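Notes follow the structure.
The values are calculated or read from the model by the stated rules, or taken from the named source; none is laboratory data. Since we're looking at a predicted model, the values are computed, not measured. Cβ sites come from the backbone with ideal geometry, for glycine too, and all protein chains shown count toward neighbours. When the accessible area is computed, the model is the full protein with side chains, heavy atoms only, and any ligands, DNA or RNA have been set aside. Shrake-Rupley method; radii C 1.70, N 1.55, O 1.52, S 1.80 Å.
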Amino acid sequence: MHRPAPFAPRTLDWRPWLLVAPALLVLAAIIVVPLGRTVWLALHADPHGFARARTGWGMGNFVMLAHDAAWWQAMRTTLTFAIAAVSVETVLGLLVALVLLDASARMRGIVLPLVLLPWAIPAVVAARLWNWMLNDQYGIINALLVHCGIITHGIAWTGFPGGMVAVMVGIDAWQATPFMALLCLAGLLSLPPEIMEAARVDGASAWQRLRYITLPLLRPVIGIAALFRLLDALRMFDLASVLYGSDMAGMSLSVFVQAQIVQFGAPCYGAAAALATLGVIGLTVGLLWVCLRAPVRRGDVA
């Protein structure tokens with residue numbers, strides 16, 4: 001009787017690791033090395049500037065950051081902008097997708113490229129264009145409002161603190177809503193038509209089909225799209241930098257980090273602010289991910 005050969009331990013094959021080694025080295029060069037350098041700077045004092053001179057390692061930059069009113073103002077501005085912009089873009093994107101879904105295939109092919117046009121414009125160009133249009137002296141928006149009798153004189157929409165975040169939300173919604181609409185339309189087209197037809201035969205109204213069938217089935221698509229948009233909104237730099245520069249009322253977290261490093265010459269303090277910004281983004285995105293992973297209640301899909 002033939003006896004099986006004894007079990008031989010497997011040897012580690014290094015060939016796959018050798019094949020991916022160049023890619024791993026590139027990733028280490030562009031991610032690990034800058035991140036490590038940022039951590040090293042954050043734990044050291046700036047050689048000049050407003051930071052107190054000290055030697056060795058320490059958490060002094062993070063302590064100062066916790067007591068910096070400008071940092072907390074930038075965080076409030078960033079969170080307010082991100083939550084408002086993503087909410088508006090999600091609702092508008094879903095509405096646009098529903099309208100395009102009911103259109104014919106030919107009409108959809110004509111309208112869809114036009115809808116995606118704002119998304120193709122770079123954020124810096126869009127911010128500059130809207131800054132010109134919102135100008136209180138020669139802006140076309142003020143000219144139209146004055147011509148229609150809605151206002152009597154031009155308004156500096158980007159000049160008062162109360163409207164700075166609203167202007168950024170409006171511009172970002174104009175530019176990013178096509179992205180949300182495209183993803184929502186793709187999700188709507190992937191839904192099984194048999195379910196909709198069965199609900200229509202059972203007498204469900206359009207609102208009931210949208211609330212109890214379309215939205216629950218579309219929840220993963222909307223969640224992933226909102227997650228990507230939230231990541232972009234939390235690290236927003238272009239709009240705030242072009243529209244307001246270093247104005248405290250409209251400064252985002254990314255602009256705050258850039259101002260500390262470039263304008264104030266405090267790279268160590270700016271590195272600490274960058275790590276804190278990374279923590280805020282990670283915490284916010286993590287909370288949204290937990291909400292997306294929460295199970296759907298039975299009554300929502302009944």
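Worth pointing out:
- Sole exception among (1) free of Cβ contacts under 8 Å to residues at least 40 places away in the same chain; (2) of a type outside the set (S, T, Y); (3) over 25 Å from A226 (Cα atoms) for N131, by number: (1)
- Checking each residue of segment 165-174 against the condition of being more than 30 Å from R76 (Cβ to Cβ) and open to solvent by 20 Å² or more (accessible area, probe 1.4 Å) gives no match.
- Within segment 237-272, considering residues that are open to solvent by 20 Å² or more (accessible area, probe 1.4 Å) and among the polar types (S, T, N, Q), the one farthest from M59 (Cα to Cα): S241
- The listed residue being of a type in the set (A, V, I, L, M), in a helix (DSSP H, G or I), touching a Ser or Thr at 6+ places or on another chain (Cβ under 8 Å) and in contact (Cβ under 8 Å) with a residue 40 or more places away in the chain, out of L243, L292: L243
- When we screen A85, A70 for residues that are buried (at least 18 other Cβ atoms within 10 Å of the Cβ), under 24 Å from the mean Cα position of the chain (by Cα), under 21 Å from S254 (Cβ atoms) and in contact (Cβ under 8 Å) with a residue 24 or more places away in the chain, the only hit is A85.
- In segment 116-136, residue nearest to F179 (Cα to Cα) [restricted to those that are assigned to a helix (DSSP H, G or I), open to solvent by less than 40 Å² (accessible area, probe 1.4 Å) and of a type in the set (A, V, I, L, M, F, W, C)]: A123
- Count - residues of segment 175-210 that are open to solvent by 30 Å² or more (accessible area, probe 1.4 Å), farther than 14 Å from V86 by Cβ and assigned to a helix (DSSP H, G or I): 17
- The criterion of being within 30 Å of P34 (Cα to Cα) and over 14 Å from the mean Cα position of the chain (by Cα) does not hold for F237.
- Exactly one residue among G149, G139 is more than 19 Å from L234 (Cα to Cα), open to solvent by 50 Å² or more (accessible area, probe 1.4 Å) and not β-branched (V, I, T), and that residue is G149.
- Among residues that are modelled with pLDDT of 90 or more and in a helix (DSSP H, G or I), R106 is not included.
- Residues of segment 223-236 that are open to solvent by 30 Å² or more (accessible area, probe 1.4 Å) and assigned to a helix (DSSP H, G or I): I224, F228, L231, D232.
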